[in-house]
1. Does K44 satisfy the criteria of being out of contact with any Asp or Glu (no Cβ under 9 Å at 6 or more places or on another chain), of a type in the set (D, E, K, R) and free of Cβ contacts under 8 Å to residues at least 40 places away in the same chain?
2. Give me the residue from region 74-106 that is closer than 14 Å to E50 by Cα and among the polar types (S, T, N, Q) and, out of that set, surrounded by the most Cβ atoms within 10 Å (Cβ to Cβ).
3. Starting from region 63-76, take each residue that is under 17 Å from R38 (Cβ atoms) and list its partners that are polar (S, T, N, Q), counting only C-beta distances under 7 angstrom and pairs at least six apart or across chains.
4. Within the set of pairs 6+ apart or on separate chains, which have a first residue in region 6-28 that is more than 16 Å from E66 (Cβ to Cβ), a second that is among the aliphatic types (A, V, I, L, M), and C-beta atoms under 9 Å apart?
5. Listed residues D24, D2; which is charged (D, E, K, R) and either modelled with pLDDT under 95 or crowded, with 18+ Cβ neighbours inside 10 Å (or both)?
Amino acid sequence: MDAHAAIQKRDTGIALSVDKANRDASGWSKRAYIALLRYLVKHKEPFLVESMREWAEQNNYIDAPENGRAWGSVVRHAVKQGVIGHAGYGLAKSSNLSPKVMWRRI
């Protein structure tokens, strides 16, 4: 698979999962974005999405979507808005310690 096909597959997966999350719980992506903003107020250090997601769900800011890929849409929106930026890579427990992008407040 070439890079272009992989990007299309990734983007399709993110779109399908966030659409499903919004169908299951109307306005899920908006509430998830607000939860991300709340996380950034309390956490100044770089973070993995899995850490922010766990915090938001444990503090009842948002329910877990059926597919965790729905968070990809929320993160992409935050990047577009200039809220967060890349901060290197960290090992993610949720994917067998595979390296994942770390994010930071801008």
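1. On the way: out of contact with any Asp or Glu (no Cβ under 9 Å at 6 or more places or on another chain): yes; of a type in the set (D, E, K, R): yes; free of Cβ contacts under 8 Å to residues at least 40 places away in the same chain: no.
The answer is no for K44.
2. Of all residues in region 74-106, those closer than 14 Å to E50 by Cα come to 74-75, 89-104.
Subsequent filtering for residues that are among the polar types (S, T, N, Q) retains 94-96, 98.
Working: S94: 14, S95: 11, N96: 7, S98: 10.
Filtering region 74-106 for residues that are closer than 14 Å to E50 by Cα and among the polar types (S, T, N, Q), the one surrounded by the most Cβ atoms within 10 Å (Cβ to Cβ) comes out as S94.
3. What qualifies is V74/S29.
4. Once the first residue is more than 16 Å from E66 (Cβ to Cβ) and sits in region 6-28, its partners that are among the aliphatic types (A, V, I, L, M) give K9/M1.
5. Working: D24 fails: either modelled with pLDDT under 95 or crowded, with 18+ Cβ neighbours inside 10 Å (or both).
Result: D2 is the single residue among D24, D2 that is charged (D, E, K, R) and either modelled with pLDDT under 95 or crowded, with 18+ Cβ neighbours inside 10 Å (or both).
The values are calculated or read from the model by the stated rules, or taken from the named source; none is laboratory data. Quick caveat, the model's predicted, so the values are computed rather than measured. No Cβ is skipped: glycine too gets one built from the backbone with ideal geometry, and neighbour counts run over all protein chains shown.
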